[in-house]
Amino acid sequence: MPVEARKTLLRREGRDRARRRSSAPASLRAGDKAQEYFLREFPPRRGMAVALYAGVRGEVPTGRIRAAYLAAGAKLYYPRVAGKGALAFYRHREGDGWEKGPYGIPEPLCPRGSRPRTAAFDLVVVPGVAFDRKGRRLGHGFGYYDRFLGALPEGVTLVGLAFSHQVVPEVPVDAWDVPVHALVTEEGVIGAANAPGTPKK
């Protein structure tokens, strides 16, 4: 089966699982637990620049991570759709507003004159439909994160955040797909294969 057809099938299966599980109390507990593991493995530091996301239904929420990082003095940046297939990450502080983007995803307000951060991220937290233990990621198929991650310099730590039911035996990939260095779920931290220096758990 061609890679794109395999990806389409895996996305359909992943979205079906997310719909079935997202409103269950166990899913809320799992989201909290995943964030606990994340904060334990990737503790915030004052001044660090972090690309985060605002979780939507079916994704691990990020509210606890946000609160801990802001309290520690870290700088958080969230994505806005900035054209076909492109994301731009803008600083978002405590009390800053949100608006709904083209896909109904919360995006940071973009005051006149503000500019996105394009480099020098210390950590990038990445959502996805599915991941495997080698760090390969399946997104929603629009290519936004693929382009953003592909443009980052080496040395930026990429961390996937997902529920354990999103971890599959193998994610089919194309040449442009960028793997994450580590994956965090409610069951713990997985150091992705072929990613030296990342946690091995």
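The table below lists the values:
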read-out: Filtered residue count, segment 83-103, keeping only those that are in contact with a helix residue (DSSP H, G or I) (Cβ under 9 Å, 6 or more places away or on another chain) and not in a strand (DSSP E or B); value: 5
read-out: Residues that are crowded, with 19+ Cβ neighbours inside 10 Å and either of a type outside the set (V, I, T) or at pLDDT 95 or above (or both), drawn from segment 181-194; value: H181, A182, L183, V184, T185, E186, V189, A192
read-out: Residue tally, condition open to solvent by less than 10 Å² (accessible area, probe 1.4 Å), in contact (Cβ under 8 Å) with a residue 40 or more places away in the chain and either within 22 Å of Y69 (Cα to Cα) or out of contact with any helix residue (DSSP H, G or I) (no Cβ under 9 Å at 6 or more places or on another chain) (or both), over segment 128-162; value: 4
read-out: Helices (runs of 4 or more DSSP H) enclosed by segment 1-81 - at least 3 residues per element that are of a type in the set (D, E); value: 3-21, 25-41
read-out: Residue list for segment 164-179, filter: open to solvent by 10 Å² or more (accessible area, probe 1.4 Å) and of a type outside the set (S, T, N, Q); value: H165, V167, V168, P169, E170, V173, D174, A175, W176, D177, V178, P179
read-out: Identity of the residue in segment 101-127, among the charged types (D, E, K, R) and open to solvent by 40 Å² or more (accessible area, probe 1.4 Å), that ends up farthest from A49 (Cα to Cα); value: R112
read-out: Residue satisfying condition, being surrounded by 17 or more Cβ atoms within 10 Å (Cβ to Cβ) and over 26 Å from G143 (Cα atoms), within set Y53, Y78, Y69, Y90; value: Y69
read-out: For A86: the one exception among (1) under 20 Å from G31 (Cβ atoms); (2) touching a residue at least 60 places away in the same chain (Cβ under 8 Å); (3) not β-branched (V, I, T); value: (1)
read-out: Residue that is open to solvent by less than 60 Å² (accessible area, probe 1.4 Å), within 21 Å of V184 (Cβ to Cβ) and touching a strand residue (DSSP E or B) at 6+ places or on another chain (Cβ under 7 Å), where the choices are L39, L10; value: L10
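The values are calculated or read from the model by the stated rules, or taken from the named source; none is laboratory data. Just so it is clear, the model here is predicted, and its values are computed rather than measured. Backbone-built Cβ (ideal geometry, glycine too); neighbour counts: all protein chains shown. Keep in mind that these areas ignore ligands, DNA and RNA; they rest on the heavy atoms of the full protein, side chains included. Shrake-Rupley method; radii C 1.70, N 1.55, O 1.52, S 1.80 Å.
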